[in-house]
Amino acid sequence: MSLTSFSQSISSSPYSLYGVGSLYDSDFGVIPSIGSSGIALPSDTFINNLNPSSLGYLPQNHFMFDIGGKAIATTYQSGSRTENRNNFQFSHIAFAFPVTKNSGFSVALRPYSSATFKISNLKLPIENSQEYYYLTAAGSGGLNNFDFSYGYRLGKKLSVGVSAAVLFGNTTDDRSSLIISSITNIHKKTDYSGLRATLGGQYKIDSTLTIGSTFKLPAQIRASKVQTVQTVTDDVVTTVESDVASNIDDYYMPLEIGVGVSKRFKNNLNMTLDYEKSLWNDSNQSELYGDFVNQDRFALGFTYRAKKNIRKYWDSVQYAAGANFDTGYLEVDGKRINNAAISIGLSLPIDNTYSALNISYSYGQKGKISDNLIKENYHKVSLNLSLDGIWFVKRKIE
């Protein structure tokens, strides 16, 4: 498939025409600043959405709330065209609280995928023929992720956790195929629903070194569609199908395994390093225009905070930087759609609790211009407001 002509909508990549759309990165707190790493970080100062076992370290009487959004400026490049798009997106809303002194619970709502795109006059070969047809396609929608997580700490070193996610949403897809002088128009709305579980663990080797792991179990996302098909030949419109409902092939999510390390140096510099493997090959699914392949993801991050001095505000500010790379889970014409990004950020304290405004900037590239594909260059600014409230504590001074 050659993506040689395109017009991108406001919210997603042209590669979002695959499956249920492009997967969405909606990370909490400081995580966007450190390359989306943090499998081994505890939820002791913010809600860590990467590992449910981190909730075992929630501080007593602290109720945490996190909400975020991001602004993205993207340049799309093909061999002959360049186009710029800017948009702002909701990222997540979540809250967490301790259940006992050794356990915590969280609820979060965030997008899982975005399937909004527009592609014009895409030239595609007709199977078993030397002829071509031209495709114009537009889509919208995506899946949402509503999850419940619980973490429990066993002693002072080991914590385990589990997360149950409800995935739901729908996509609409309008496609027109021009073959010689005949046009076929297809309007399709697809509804998706399913459940997915995640298991996690963290282990403190010592006071400066923690390792963590996650297992996102395979899941089947059920799908059904309502479709209308029309053909137009010599200005004569023929309706082949009209709002016909049917079940379609379900969408399969793969087993995903992640491991991470968190290392603190001299109490003010911290390093996080993550690796994740997604076994898309085992989901046994493919797309008309490409294939799902196993994905490898690497993430590295650093945070630094000067020794805290409550009289100097900037000594309590946390500085962060990170980078990540993933090989992508899509293969188009035998070419991987990989992604690489670097990031920097600040965590600005709001009061004497753990409340903070987390600001991050990242620059990344996805895909490539060669081999008739599309390259995306994007600048992303993320704002995460992490609020911490101390509840159910009796006043010592009236």
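The values are calculated or read from the model by the stated rules, or taken from the named source; none is laboratory data. Remember, it's a predicted structure, so these values are computed and weren't measured experimentally. In this analysis, Cβ positions are derived from the backbone assuming ideal geometry, glycine residues included, and neighbour counts consider all displayed protein chains. For the accessible areas, the whole protein counts, side chains as well, though only heavy atoms, and no ligand, DNA or RNA atoms are used. Shrake-Rupley method; radii C 1.70, N 1.55, O 1.52, S 1.80 Å.
Worth pointing out:
- Among the residues of the stretch 223-256, those that are out of contact with any Lys or Arg (no Cβ under 8 Å at 6 or more places or on another chain) and of a type in the set (D, E, K, R) comprise Asp234, Asp235, Glu241, Asp243, Asp249.
- Qualifying residue in the stretch 109-130 (condition: under 30 Å from Leu154 (Cβ atoms) and of a type in the set (A, V, I, L, M)): yes
- Some residue of the stretch 333-349 being in contact with a strand residue (DSSP E or B) (Cβ under 7 Å, 6 or more places away or on another chain), open to solvent by less than 30 Å² (accessible area, probe 1.4 Å), more than 19 Å from Asp44 (Cβ to Cβ) and not in a strand (DSSP E or B): yes
- Taking each residue of the stretch 378-390 that is surrounded by 16 or more Cβ atoms within 10 Å (Cβ to Cβ) and looking for partners that are acidic (Asp, Glu) and part of a strand (DSSP E or B) with beta-carbon atoms closer than 6 Å, six or more apart or interchain, yields Ser386/Asp66.
- Matching residues, the stretch 220-246, being loosely packed, with under 15 Cβ neighbours inside 10 Å, within 24 Å of Gly142 (Cβ to Cβ) and among the polar types (S, T, N, Q): Gln220, Ser246
- In the stretch 362-377, the qualifying residues are those that are surrounded by fewer than 19 Cβ atoms within 10 Å (Cβ to Cβ) and at pLDDT below 80, and the one that is nearest to the chain's Cα centre (by Cα) is Lys368.
- Strands (runs of 3 or more DSSP E) fully within the stretch 70-150 that include at least 3 residues being aliphatic (A, V, I, L, M) and either without any contact (Cβ under 8 Å) to a residue 40 or more places away in the chain or closer than 30 Å to Tyr354 by Cβ (or both): 82-100, 103-111.
- Residue, surrounded by the fewest Cβ atoms within 10 Å (Cβ to Cβ), within the stretch 273-302, restricted to residues that are in contact (Cβ under 8 Å) with a residue 60 or more places away in the chain and touching a helix residue (DSSP H, G or I) at 6+ places or on another chain (Cβ under 6 Å): Phe292
- Hits in the stretch 322-347 - residues which are farther than 14 Å from Lys380 by Cα and more than 16 Å from the chain's Cα centre (by Cα): Glu331, Val332, Asp333, Gly334, Lys335, Arg336, Leu346, Ser347
- Count - residues of the stretch 37-47 that are of a type in the set (S, T, N, Q) and either on the phi > 0 side of the Ramachandran plot or touching a Gly at 6+ places or on another chain (Cβ under 6 Å) (or both): 1
- Any hit, the stretch 193-201, residues being among the small types (Gly, Ala, Ser), under 30 Å from Val317 (Cβ atoms) and modelled with pLDDT of 90 or more: yes
- Residue check, Asp191 in contact (Cβ under 8 Å) with a residue 12 or more places away in the chain and surrounded by fewer than 17 Cβ atoms within 10 Å (Cβ to Cβ): yes
- Qualifying residue in the stretch 97-111 (condition: open to solvent by 10 Å² or more (accessible area, probe 1.4 Å) and under 17 Å from Lys380 (Cβ atoms)): yes
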